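The values are calculated or read from the model by the stated rules, or taken from the named source; none is laboratory data. If you're wondering where the values come from, they're calculated on a predicted model, not measured in any experiment. Here Cβ is always computed from backbone atoms with ideal geometry, including for glycine, and neighbour counts include all displayed protein chains. SASA here: full protein model, heavy atoms, side chains in, ligands and nucleic acids out. Shrake-Rupley method; radii C 1.70, N 1.55, O 1.52, S 1.80 Å.
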Amino acid sequence: QQQQQQQAQQQQQQQQAAWAAQQRGGMAAMAQQQQAQSAQQQMMAQEYQRRQLEEQRKRAEQQRMEELKRRQEEMARRQEEERRHREALLQQQRVEQAASLNIRRVVQKLLAVRKDGFEALQRELVEVLTQELPTCGSQGERMKQEAELGLSRAKERLRREEEQRLELEKRRKEAAEKAQELLKELQGYVVVAEESSKTLATEVEPVASKDSDKPEQSLEELEAKAAAVEGVAVEVKTKLKVCTDFVFQHGTWMRASDTPTPPAAGQEPEATNGEKLSFAKLLGRINEITKSTDSALLASKLAKEKATRKAVAKKKQNAIEGVFARYDADRDGHLSKREVQGYAKGEFDFAVPAAVLDAIWSSMVGAAKGVKKCQFQKLKVRLGVAREKVKDDKRKAVRLEKERKIAEEKESLEGKLKEAVGEVEGIETKAQEADKAAEAANTKGPGTLAAELQRCADEVDEAIKVGRESVTAVKKSLETLKEECSADNKAWLASEEQKLAFKLAPSDVRLHKAAAVIARVRDEIKRRGAEEIADLERRTLAALRYHGSQNDMIGEQLFEAIDTAKDGKIDESEWLAFFRTCKRAPKKEPKQDAADAKDGEDAKADSKEAEKAEEEALTEEELSRVLAYLESEVAGEEDALPKERFLQFVQHFMKVANESVMTSGASIKDSTTLRRLDLGEVVEVLQGPVEEETVKVLRVRARAVKDKLEGWITLSGNQGTTFLAEGGGVFKVVSETVLTERFAVDAAAVATEPASRKPFCERKLKVGEIVDVREWSRLEEATGLQRMRCRCRLDGALGWVTVVGNSGQVFLQLQ
């Protein structure tokens, strides 16, 4: 502010000086000198003031720094005092916590103390309270309350434990008394069972006795005694069941008698009473009775079985002795050779060879009179061996004969298998040829016609058919061999069949591969055929439309020009005759440019134009193919194109490319607007194009597909804007739908519609497929569906599809 004041003063002085100089006039030099002195004084005054201000600033800065230092020292002193105070508090808290922890430790022990250690722990609690309570500080009262609460809880817990112990001891005594009562009752049942067991032992002793001094018992006596033993055993088991049922019912109570009662604290264990019954000992006695009963029954059973076996053996021995006696005609106790021959013939229907009989006699009889009774069993064995040897010789002869027949059959089979191997090699050659032909058909270029591909595919199919028939014949011949083959050669034939099947497998694989390739080729044939017929349709339509435009004809007039017989249909002769005489579009010459030299691209473009102009000329074969294709879409057996189908074929549809209007007349100036045309809307061209005279644009008379309104539309403006473009009869599948043969979906309505002459296969149209309109969509009343007749470009299939569902779902969209 001082500087500003000084500057203001200087300005004022300068103004005064200037005014004075002006007033004085000639005193200019003096005024300048005074002005210079005044300026010098002002500068000196300003320098003095600046120095004064600088000194004041330095003094103020020094005072500020001293004040800041004093405040920092004061802050440090206060922080140190606070730190010491906190440390003192923490130390005090540690001491109090340690004292509290010591008291709580004793209280926790007191909560889990037993009765015998309660008094000692109570004294320890008093001591720790006396020692630590003064140092607890603010927690002293709380620690005292916790100690008193813990002491009271410990006393209460010990009181409850004592009551529980007394109650448990009372229950144990009651259980022991009840167990003794039950054991006494069980002991009575056991004693009765033991008495019965002793009776059983007495009864079984004479049955199982092995004393040789006693007379041998008969089988009947043993059976009677064994029956008596079994009766007593049933009685013992019945009494044992009473014991076991009693144990099962009261076992839990009786086991308490064997459980020792723990003595109370400070008491001696109870003295064992010698008269006390033991449940375990009674169970042992029951088990002993069970074992003795089972042993007695087993001994009785074994003795009975032994006696039975002995009786059976004795019976067999008597039977053998009876046979010996029957053939011992002279009753001398020996069998002579004649008697041995009679025995073998009578018992085994076996004539003993003399050599065998001599061998038996030399080894068994020697100098004796004949075969003794003790040698009769050995004689039977020797005769059995001889009989088996004779049977072995017969079996050997049968086996050798069988082996001979098997060898002959195997030789015959080997010859037939060689023939089959030759057939397999021929099949392999045919399969290779079919495979190569299929690959050749599959690799034919885009320029190959569908008919040529069809011929190749038919040839390959025929080769595959022959190969598969040969494979079937070989397999059938093998099956015949298996049926005629004997069981002995089946295993060998099966191994040979596996070898043959291994050789046949590559041929089968090749045939399947060729079939798969031809399947793909046939798909390609369908695609190319559809493309070819579409191209032929386009060229045919172009020729018909050019002829119509040159002769001012539309659909019906064209039909009348072709149908010379006037029978409402076009046959092949009328069709071909028309195209022989119809007007054709002139061939386009390659463009010439005199100013610019033609480069390579111009030459290529001109050659394409020339090719396109030349392809417009249709051969009679191509025209016949188009006619047959159009006739195939018509129901019925008549080989002619009806008027309705021809008019559908020559319909000319165009699509609105830019928003335009439909007017009432060909002249734009003198006509009125009927309505605006929406972008993408389809119209059918009925007449034209004709040139409008005022603005010089091409106009056509057309009918809107949407509402059937007829009027005139401009094709393109004089500024180059295209309003109508070719197309409008092509749709794209946007959601899968089904191609059906008839318009109606309802089964009852389907039965009334005529079927096409061409076989139809219902299929799904996949998303992205392109179809050409044959009949525009109309409402199917029964279902509320919008249905359209179309032809698929993929395979040429003709049928009806749903364009819009009854819920508004769109299946096909206009391209």
Test: residue in the range 318-337 that is closer than 30 Å to residue 220 by Cα and of a type in the set (Phe, Trp, Tyr): yes
Long-range neighbours under 6 Å by Cβ, at least six apart or interchain, first residue over 30 Å from residue 657 (Cβ atoms) within the range 728-755, second open to solvent by 60 Å² or more (accessible area, probe 1.4 Å) and modelled with pLDDT under 80: 741/760
Scan of the range 462-502 for residues that are open to solvent by less than 40 Å² (accessible area, probe 1.4 Å), among the polar types (S, T, N, Q) and in a helix (DSSP H, G or I), ordered by number: 470, 489
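Within the range 672-692, how many residues are touching a Ser or Thr at 6+ places or on another chain (Cβ under 7 Å), part of a loop (DSSP other than H, G, I, E, B) and surrounded by fewer than 16 Cβ atoms within 10 Å (Cβ to Cβ)? Working first, answer last.
Start the filter on the range 672-692 by keeping residues that are touching a Ser or Thr at 6+ places or on another chain (Cβ under 7 Å), which leaves 672-674, 677, 692.
Pick out the ones that are also part of a loop (DSSP other than H, G, I, E, B) and you get 672, 692.
Going one step further and asking which of them are surrounded by fewer than 16 Cβ atoms within 10 Å (Cβ to Cβ), we end up with 672.
Total meeting the criteria: 1.
Each row is one residue, and each column tells you yes or no for (1) within 30 Å of residue 149 (Cβ to Cβ); (2) open to solvent by 60 Å² or more (accessible area, probe 1.4 Å); (3) aliphatic (A, V, I, L, M); (4) not in a helix (DSSP H, G or I).
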residue	(1), (2), (3), (4)
37	no, yes, no, no
56	no, yes, no, no
64	no, yes, no, no
83	no, yes, no, no
108	yes, yes, no, no
113	yes, no, yes, yes
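Residue check: is residue 505 over 18 Å from residue 441 (Cα atoms) and assigned to a helix (DSSP H, G or I)? I'd like the intermediate steps shown before the answer.
Numbers: over 18 Å from residue 441 (Cα atoms): yes; assigned to a helix (DSSP H, G or I): yes.
Here the answer is yes, as residue 505 does meet what is asked.
Considering each of 509, 521, 517 in turn, give the residue that is under 40 Å from the mean Cα position of the chain (by Cα), open to solvent by 70 Å² or more (accessible area, probe 1.4 Å) and of a type in the set (Val, Ile, Thr).
Details: 521 fails: open to solvent by 70 Å² or more (accessible area, probe 1.4 Å); 517 fails: open to solvent by 70 Å² or more (accessible area, probe 1.4 Å).
Selected residue: 509, the only one of 509, 521, 517 that is under 40 Å from the mean Cα position of the chain (by Cα), open to solvent by 70 Å² or more (accessible area, probe 1.4 Å) and of a type in the set (Val, Ile, Thr).
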Any hit, the range 631-641, residues being touching a strand residue (DSSP E or B) at 6+ places or on another chain (Cβ under 9 Å), surrounded by fewer than 18 Cβ atoms within 10 Å (Cβ to Cβ), small (Gly, Ala, Ser) and modelled with pLDDT of 75 or more: yes
Every residue from the range 709-731 that is at pLDDT below 85, surrounded by 13 or more Cβ atoms within 10 Å (Cβ to Cβ) and either among the charged types (D, E, K, R) or at positive phi (or both): 727, 728
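Do we have residue 424 as surrounded by 12 or more Cβ atoms within 10 Å (Cβ to Cβ), over 60 Å from the mean Cα position of the chain (by Cα) and either closer than 30 Å to residue 508 by Cα or of a type outside the set (D, E, K, R) (or both) here?
Numbers: surrounded by 12 or more Cβ atoms within 10 Å (Cβ to Cβ): yes; over 60 Å from the mean Cα position of the chain (by Cα): no; either closer than 30 Å to residue 508 by Cα or of a type outside the set (D, E, K, R) (or both): yes.
Judged against the criteria, residue 424 is not a match.
Go through the residues of the range 623-630 one by one and say whether even a single one is in contact with a strand residue (DSSP E or B) (Cβ under 9 Å, 6 or more places away or on another chain), surrounded by 13 or more Cβ atoms within 10 Å (Cβ to Cβ) and at pLDDT 70 or above.
Step one: of the range 623-630, the residues in contact with a strand residue (DSSP E or B) (Cβ under 9 Å, 6 or more places away or on another chain) are 627, 630.
Then drop every residue that is not surrounded by 13 or more Cβ atoms within 10 Å (Cβ to Cβ), which leaves 627, 630.
This time we only want the ones that are at pLDDT 70 or above, so: 627, 630.
Yes - at least one qualifying residue is present in the range 623-630.
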Looking only at the range 693-708, and only at residues there that are in a loop (DSSP other than H, G, I, E, B) and in contact (Cβ under 8 Å) with a residue 12 or more places away in the chain, the one that is most open to solvent (accessible area, probe 1.4 Å): 693
In the range 129-157, the residues that are closer than 30 Å to residue 91 by Cα and either without any contact (Cβ under 8 Å) to a residue 12 or more places away in the chain or open to solvent by 70 Å² or more (accessible area, probe 1.4 Å) (or both): 130, 131, 134, 138, 140, 141, 142, 144, 145, 148, 149
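Quick check on this structure: which one of 474, 398 is without any contact (Cβ under 8 Å) to a residue 24 or more places away in the chain and not hydroxyl-bearing (Ser, Thr, Tyr)? Give the derivation first.
Numbers: 474 fails: without any contact (Cβ under 8 Å) to a residue 24 or more places away in the chain.
On inspection, the qualifying residue turns out to be 398.
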Tally, over the range 557-579, of residues that are within 16 Å of residue 649 (Cα to Cα) and of a type in the set (A, V, I, L, M): 4
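Does the range 732-752 hold any residues that are modelled with pLDDT under 90 and open to solvent by less than 50 Å² (accessible area, probe 1.4 Å), and which are they?
Of all residues in the range 732-752, those modelled with pLDDT under 90 come to 741-752.
Once the filter is applied, which keeps residues that are modelled with pLDDT under 90 and open to solvent by less than 50 Å² (accessible area, probe 1.4 Å), the range 732-752 yields 742, 743, 744, 749, 750.
Does residue 664 satisfy the condition of being among the small types (Gly, Ala, Ser) and surrounded by fewer than 19 Cβ atoms within 10 Å (Cβ to Cβ)? Explain how you work it out, then say what you get.
On the way: among the small types (Gly, Ala, Ser): yes; surrounded by fewer than 19 Cβ atoms within 10 Å (Cβ to Cβ): yes.
Here the answer is yes, as residue 664 does meet what is asked.
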Every residue from the range 163-178 that is modelled with pLDDT of 85 or more and in contact with a helix residue (DSSP H, G or I) (Cβ under 7 Å, 6 or more places away or on another chain): 178
Test result for residue 316, without any contact (Cβ under 8 Å) to a residue 40 or more places away in the chain, open to solvent by 50 Å² or more (accessible area, probe 1.4 Å), farther than 19 Å from residue 387 by Cα and among the basic types (Lys, Arg): yes
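Look through 610, 594, 561 and report the one residue that is among the hydrophobic types (A, V, I, L, M, F, W, C), modelled with pLDDT under 85 and in a helix (DSSP H, G or I). So that I can check it myself, show each step before the final result.
Numbers: 594 fails: in a helix (DSSP H, G or I); 561 fails: modelled with pLDDT under 85.
That would be 610, the only listed residue that is among the hydrophobic types (A, V, I, L, M, F, W, C), modelled with pLDDT under 85 and in a helix (DSSP H, G or I).
Can residue 526 be described as assigned to a helix (DSSP H, G or I), out of contact with any Ser or Thr (no Cβ under 7 Å at 6 or more places or on another chain) and open to solvent by 30 Å² or more (accessible area, probe 1.4 Å)? Walk me through how you get there before you give the answer.
Numbers: assigned to a helix (DSSP H, G or I): yes; out of contact with any Ser or Thr (no Cβ under 7 Å at 6 or more places or on another chain): yes; open to solvent by 30 Å² or more (accessible area, probe 1.4 Å): yes.
Considered against the rule, which asks whether it is assigned to a helix (DSSP H, G or I), out of contact with any Ser or Thr (no Cβ under 7 Å at 6 or more places or on another chain) and open to solvent by 30 Å² or more (accessible area, probe 1.4 Å), residue 526 comes out as yes.
Among the residues in the range 409-419, are any charged (D, E, K, R) and open to solvent by less than 60 Å² (accessible area, probe 1.4 Å)? Lay out the reasoning, then the answer.
Just the residues of the range 409-419 that are charged (D, E, K, R), to begin with: 409-411, 414, 416, 418-419.
Subset that is open to solvent by less than 60 Å² (accessible area, probe 1.4 Å): 409.
So far as the range 409-419 goes, yes, one or more of its residues are charged (D, E, K, R) and open to solvent by less than 60 Å² (accessible area, probe 1.4 Å).
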Filter result for residue 390 (over 45 Å from the mean Cα position of the chain (by Cα), exposed (fewer than 13 other Cβ atoms within 10 Å of the Cβ), free of Cβ contacts under 8 Å to residues at least 60 places away in the same chain and over 19 Å from residue 502 (Cα atoms)): no
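Test residue 126 against the stated conditions and say whether it is surrounded by 11 or more Cβ atoms within 10 Å (Cβ to Cβ), at pLDDT 85 or above and touching an Asp or Glu at 6+ places or on another chain (Cβ under 7 Å). Spell out the reasoning first.
Details: surrounded by 11 or more Cβ atoms within 10 Å (Cβ to Cβ): yes; at pLDDT 85 or above: yes; touching an Asp or Glu at 6+ places or on another chain (Cβ under 7 Å): no.
For residue 126, the condition - surrounded by 11 or more Cβ atoms within 10 Å (Cβ to Cβ), at pLDDT 85 or above and touching an Asp or Glu at 6+ places or on another chain (Cβ under 7 Å) - is not met.
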Residue pairs meeting the criteria (Cβ under 6 Å; at least 6 apart or on separate chains; first more than 10 Å from residue 544 (Cβ to Cβ), in the range 575-586; second open to solvent by less than 100 Å² (accessible area, probe 1.4 Å) and among the polar types (S, T, N, Q)): 583/550
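Every residue, every condition in (1) open to solvent by less than 50 Å² (accessible area, probe 1.4 Å); (2) out of contact with any helix residue (DSSP H, G or I) (no Cβ under 6 Å at 6 or more places or on another chain), yes or no:
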position: 341; (1), (2): no, yes
position: 345; (1), (2): no, yes
position: 354; (1), (2): no, yes
position: 358; (1), (2): no, yes
position: 361; (1), (2): yes, yes
position: 367; (1), (2): no, yes
position: 370; (1), (2): yes, yes
position: 373; (1), (2): no, no
position: 377; (1), (2): no, yes
